[in-house]
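Engineer: Please read through the structure below; I'll follow up with questions.
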């Protein structure tokens, strides 16, 4: 049985950043990163919109607020150091109605309380200077919000930890975690491929003095392996994007966002400039029929049953059924989706929106149906579970990794 000091499960941004942080503090640590997919950043880290958030939205004092504000600074410094292109294109959060103005003001105050730099409350004239095609009564302008290709960040982190001596094993799915007095036995199912025409699988056991799981869409399952899930369940929500056709990309200079409605759990349709020049429009938010269900009809019956048999899901559904039906309607009726976009960008027509990518959000849900908003790092016996790390985890990943390693070192003395 191969033995390590530390095994990290998950080669997304949070897992890779945590490995990097541990090796910076403990050079020479025998460290292994396990990833069930054949490549890194295969899910949330590689399917997000690439925004470098500044920390406007999050409750002051929360882990999200602290990690995002400091995390963006750390991510910008990392990109500069490693030659990863980024752009501080700016973002406007637009209020369309009088009803939204108090919420916009409260959001501005929250951003200031979190230490977000450069925020402005602007009127229609200034909005037109920043985003000439957008309309609104007032807006928050965040000039330091940016965009980056997070797959390039992940690739850089992976190269860095391997140069520092860590092992990275792909196609290795963790199926068992057995904490013992002085180590954790990790059971993995590995996919083997010796030649392109031959594939198989193998079972293997590894051991480590400690384990950290950063498993995203499967974080609750790994926590349940050690009895440390706290009753939470990951419910996957699919978000589909449209692409603004190239001839209309000039309509969007940066990021155009709505004012969040506190009655609803998701942000709503927005427009995002991408590092490659594309403009993504969306996403919506509908229940995914599989944890990695990027397509409308991609279904894994067992995973769908996990969601539908969870009492917390039905509490959530009863609370937000009207919003859920509206999201489903816009998912299937394009003109309804377009009407939402036109509220912010009137020049966009139905033919301007082309089919785009999709992502799946790993939303942690409590048994009472409440959406778990903040990051959650849960301790177990020789195991630490990162059990909830939704947006802005990508932006925050380097600082979130520091928080994870602080917790791990306090628990494991490693």
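What follows is calculated from the coordinates using simple rules that are stated; it is not laboratory data. Treat the numbers as computed from the prediction; the structure is a model and nothing was measured. Don't worry about glycine lacking a Cβ; one is built from the backbone with ideal geometry, like all the others, and counts go over all protein chains shown.
Engineer: Could you work out the pair-distance distribution P(r) of the stretch 289-333 from its alpha-carbon pairs, with 5 angstrom bin width and percents rounded to whole numbers?
Structural biologist: 5, 21, 18, 27, 26, 4
Engineer: Next up: Would you calculate, for the chain, the mean residue ellipticity at 222 nm contributed by helices, counting each DSSP H stretch of 4 or more residues as -39,500 (n - 2.57) and dividing by all residues, to the nearest 500? Mind dumping the intermediate values first?
Structural biologist: Numbers: 11 runs with 137 residues, N = 414.
Result for the chain, helices only: -10500 deg cm²/dmol.
Engineer: Then there is this: What's the FRET efficiency of residue 173 with residue 80 using the Cβ-Cβ distance as r and R₀ = 51 Å, to the nearest 0.05?
Structural biologist: Here the calculated transfer efficiency is 0.90.
Engineer: Hey, if you drop one equal point scatterer on each alpha-carbon of the stretch 354-397 and run the Debye formula without solvent, what base-10 log of I(q)/I(0) do you get at q = 0.19, 0.20, 0.23 Å⁻¹?
Structural biologist: Here the Debye-derived log intensity ratios amount to -0.73, -0.78, -0.91.
Engineer: How far, in degrees from 0 to 90, does helix 311-332 lean away from the longest principal axis of the Cα atoms of the chain, to the nearest 10?
Structural biologist: Long axis of 311-332 versus the principal axis of the chain: about 50 degrees.
Engineer: With everything on Cα atoms, drop me the angle between helix 150-163 and the longest principal axis of the chain, reported from 0 to 90° to the nearest 10.
Structural biologist: Roughly 20 degrees between the two axes.
Engineer: Based on the Cβ-Cβ distance of residue 250 and residue 309, what FRET efficiency does E = 1/(1 + (r/R0)^6) give at R0 = 45 Å, to the nearest 0.05?
Structural biologist: Working: r = 48 Å, r/R0 = 1.08.
So, using R0 = 45 Å, E works out to roughly 0.40.
Engineer: For residue 349 and residue 334 in one chain, what is 0.36 nm times their gap in residues minus the Cα-Cα distance, to one decimal in nm?
Structural biologist: 4.3 nm
Engineer: Only one of the values (1) 67, 46, 39; (2) 66, 45, 44; (3) 70, 54, 35 was calculated from this structure for Cα extents along the principal axes in Å; name its label.
Structural biologist: (2)
Engineer: Can you report the principal axis dimensions of the stretch 275-414 using only the alpha carbons, biggest first, rounded to whole angstrom?
Structural biologist: Here the Cα extents, ordered largest to smallest, are 59, 39, 25 Å.
Engineer: Can you divide the C-alpha Rg of the stretch 373-414 by 2.2 N^0.38 Å and report the result to two decimal places?
Structural biologist: The value comes to 1.15.
Engineer: Now for a different question. Relative contact order of the chain: what whole-number percent is it, with Cα pairs under 8 angstrom and at least 6 residues apart? If you can, show how the numbers build up before the last one.
Structural biologist: Working: 894 pairs, mean separation 96.3, N = 414.
So the answer I get is 23 percent.
Engineer: Let me ask something else about it. Show me, bin by bin at 5 Å from 0, the whole-percent P(r) of the stretch 1-52 based on Cα pairs.
Structural biologist: 5, 19, 25, 21, 15, 10, 4, 1, 0
Engineer: Relative to the compact-globule scaling 2.2 N^0.38 Å, provide the ratio for the alpha-carbon radius of gyration of the stretch 217-330.
Structural biologist: Working: Rg = 16.9 Å, N = 114, 2.2 N^0.38 = 13.3 Å.
Against the compact-globule rule of thumb, the ratio is 1.27.
Engineer: Tell me, what is the Rg over Rh of the stretch 259-315, with Rh the Kirkwood radius over Cα pairs? Present the calculation step by step, with values, prior to reporting the outcome.
Structural biologist: On the way: Rg = 15.0 Å, Rh = 13.8 Å.
Here the Rg-to-Rh quotient is 1.08.
Engineer: Sticking with this structure for a sec: Taking only C-alpha pairs under 8 Å that are 6+ residues apart, what is the relative contact order of the stretch 145-194 in percent?
Structural biologist: In percent, rounded to a whole number, it is 25.
Engineer: Another question about this same structure. Can you give me the angle between helix 13-25 and the longest principal axis of the chain, using Cα atoms only, in degrees from 0 to 90, rounded to the nearest 10?
Structural biologist: Orientation of helix 13-25: about 60 degrees from the principal axis.
Engineer: For the stretch 218-279, what does the relative contact order come out to in percent, with C-alpha contacts under 8 Å and a separation of six or more?
Structural biologist: Numbers: 45 pairs, mean separation 16.5, N = 62.
Value for the stretch 218-279: 27 percent.
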